[in-house]
Amino acid sequence: MRDIPDRPGSRTPARRRRTVLIPLTAVAAALAATVVTAPAAGAATTLGAAAAEKGRYFGAAVAAAKLSDSQYVGILDREFNSVTPENEMKWDATEPSQGRFTYTNADRIVSHAQARGMKIRGHALLWHAQQPGWAQSMSGSALRSAMVNHVTQVATYYRGRIHSWDVVNEAFADGGSGARRDSNLQRTGNDWIEVAFRTARAADPNAKLCYNDYNTDSVNPKSTAIYHMVRDFKARGVPIDCVGFQSHLGTSLPGDYQANLQRFADLGVDVQITELDITQGSNQAAMYGAVTRACLAVARCTGITVWGVRDSDSWRGTDNALLIDRSGNRKPAYQAVLDALNAGSGTPPPTTPPPTTPPPTGSGCTAVVSLNSWTGGFVATVRVTAGAAPVDGWTVRVTLPAGATVTNTWSAQAGGSTGTVNFRNVSYNGQLAAGASTEFGFQGTGTGPSGTPACTVG
């Protein structure tokens, strides 16, 4: 996110606050419907319930330290059906020293959400900011390897529990250039974002994988550069499922806000409003209502997250930019959102059908490997498919080129690390129905394998 680490609940010492850049275009048509009315009979009375009726979520950013605040938790549990950890899943929080992972605070949020049936947005696997000191001092292939390992470990740890991951956060520069932001990650090679998404898919095949950024609420050079990246990824099969629009707004909404969401949706990705907050003023309620209606009007807009629960929890200080005031009371902006949700279309966002698999032939199993490579390292994803008969246990034999070494494996057990390596199933993926598939992966140094792996049953 465009997170500012010195907001309440942060783990990081104060840093310079960034300026929220808002296009000056007013949106008269979008802001026209501002009348607050009593809910119709049978209408949902909370944000999460109203969004769920439309096949969407309405969430809030959550700080683990505030889960001991009874008012905070009461509002969270009553109003929202999705959560995003503010800082607790970032690199500095989850891997404070290289190779030592800690999830205590993130787990508190995840456990709280799971116990109440809430969706969980993971935020964020890779970002140029809030890196641990050891990563800040790295570069080149060492940083690339550490980056891949971090994504693999964190996404694997939360596999099956995350609705959407912000895989990469804020990788494009502000201004009119449309260029990538200079960072230690960018200097490892222009393919680093692609590698991150492929690595995240291998670690958690079922989570939605998102790119997330700010100052992208209109059709402008920055959002257009991201648009071109997403279009390229979709054309080349890079696994990107969604784009997050932070929408840290001031006193006006871009006139092309909805059209901008729609052009990304037309690429075949979901769009999500991930960090919504709007400066309090005479049109705050109208703007919140307009943003909500824009999301409902775009079939692939799957949900909205506000960045905090109460105004007192917001990183934006005295802007009072949220839906609940500092005393825990609902503001006019809250009612505008609820009215928009209750009045909106009931058509749920479309889902992408699973890929079809040709009918199996023969017995035994087959394996296919796909590679993500960079200078000095690689990540391999191996798909194991049963033949015409069920499989009870499998082993995949992979031959590595000279000088290559396996350094990390997930969803399989590796017998060795160099030369010919046998990867055997683990407890949860050894039994496959006829024609069914599973995946495992491994990371290595050197050059990845190029041949077809051999798969045997038993």
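The values are calculated or read from the model by the stated rules, or taken from the named source; none is laboratory data. Keep in mind that this is a model prediction, so the values were computed, not measured. For neighbour counting, all protein chains shown are included, and Cβ atoms are generated from backbone atoms with ideal geometry for every residue, glycine included. Quick note on the areas: whole protein, heavy atoms, side chains included, nothing else; ligands and nucleic acids left out. Shrake-Rupley method; radii C 1.70, N 1.55, O 1.52, S 1.80 Å.
The residues of region 415-451 that are of a type in the set (Gly, Ala, Ser), buried (at least 19 other Cβ atoms within 10 Å of the Cβ) and at pLDDT 90 or above amount to a single one, 448.
The set of residues in region 252-278 being under 21 Å from the mean Cα position of the chain (by Cα), among the acidic types (Asp, Glu) and open to solvent by 10 Å² or more (accessible area, probe 1.4 Å) consists of 266 alone.
In region 130-141, what residues are surrounded by 17 or more Cβ atoms within 10 Å (Cβ to Cβ) and under 17 Å from residue 445 (Cβ atoms)? Passing the criteria: only 138. Looking only at region 309-347, filter to residues that are touching a helix residue (DSSP H, G or I) at 6+ places or on another chain (Cβ under 9 Å), part of a loop (DSSP other than H, G, I, E, B) and without any contact (Cβ under 8 Å) to a residue 40 or more places away in the chain; which one of those is surrounded by the fewest Cβ atoms within 10 Å (Cβ to Cβ)? Per the criteria, the residue is 327.
Exactly one residue among 187, 198, 144 is part of a helix (DSSP H, G or I), open to solvent by 10 Å² or more (accessible area, probe 1.4 Å) and touching a residue at least 60 places away in the same chain (Cβ under 8 Å), and that residue is 198.
For region 55-84, taking the residues that are part of a loop (DSSP other than H, G, I, E, B) and open to solvent by less than 20 Å² (accessible area, probe 1.4 Å), the one that is nearest to residue 293 (Cα to Cα) is identified as 56.
Within region 385-408, the set of residues being closer than 16 Å to residue 455 by Cβ, touching a strand residue (DSSP E or B) at 6+ places or on another chain (Cβ under 8 Å) and open to solvent by 20 Å² or more (accessible area, probe 1.4 Å) comprises 385, 390, 392, 395, 397, 399. The single residue among 87, 105 that is within 30 Å of residue 374 (Cβ to Cβ) and either in a helix (DSSP H, G or I) or polar (S, T, N, Q) (or both) turns out to be 87. Can you say whether residue 383 is under 21 Å from residue 204 (Cα atoms) and either modelled with pLDDT of 90 or more or outside the structural domain of residue 157 (by the TED database) (or both), as far as the supplied structure shows? So residue 383 fits the description; yes.
Determine whether region 279-289 contains at least one residue that is modelled with pLDDT of 95 or more, among the β-branched types (Val, Ile, Thr) and crowded, with 24+ Cβ neighbours inside 10 Å. Within region 279-289 (the criterion being modelled with pLDDT of 95 or more, among the β-branched types (Val, Ile, Thr) and crowded, with 24+ Cβ neighbours inside 10 Å), the answer is no, since none of the residues qualifies. Close Cβ contacts (under 7 Å, 6 or more residues apart or on different chains) running from residues in region 402-429 that are touching a residue at least 24 places away in the same chain (Cβ under 8 Å) and more than 14 Å from residue 441 (Cα to Cα) to residues that are exposed (fewer than 14 other Cβ atoms within 10 Å of the Cβ) and among the small types (Gly, Ala, Ser) are absent.
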